[in-house]
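Before any comments, here is the structure.
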Amino acid sequence: QVQLVESGGGLVQPGGSLRLSCAASGSSFGITLMGWYRQAPGNQRELVATIGSGGSTNYADSVNGRFTISRDSAKNTVYLQMNSLKPEDTAVYFCNVRKFAIGFWGQGTQVTVSS
């Protein structure tokens, strides 16, 4: 079992930045893919970005060039640096960690982009 604790969400003006963090409990052994997803009201949960154990990254087209995903394997933590935020980025952001091919979800953190 893996417990994920997310932090860093909040209210920001358009064009602003936020950094999300997600810390996974327990050993890092077996953790492969780490990532972020988001879900806006009335929408399905969608991929934002993922990062593999070797550092390879994948981004949704809508955030490519504005968001950066990174991980600290020693701390079992994945980060999402979000720059040039837009109102359409408003959503609940969920951390996802895959350990031994089983996916675990965080509780979600709200990101609101509004003036």
key: Environment charge of VAL63, counting only residues whose C-beta is closer than 13 Å and scoring Lys/Arg +1, Asp/Glu -1   = -1
remark   = Quotient of Cα radius of gyration and Kirkwood radius for the chain, i.e. Rg/Rh, equals 0.96
request  = Over the stretch 39-92, average the accessible area per residue using a 1.4 Å probe and give it in Å², no decimals.
outcome  = 53 Å²
request  = Over the chain, with every protein chain in place, what whole percent of the accessible area is carbon and sulfur at 1.4 Å, could you tell me?
outcome  = 48 percent
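The values are calculated or read from the model by the stated rules, or taken from the named source; none is laboratory data. These numbers come from a predicted model, not from an experiment. Counting neighbours? That spans all protein chains shown, and the Cβs are built from the backbone with ideal geometry, glycine included. In case anyone asks, the SASA skips ligands and DNA or RNA and just uses the protein heavy atoms, side chains included. Shrake-Rupley method; radii C 1.70, N 1.55, O 1.52, S 1.80 Å.
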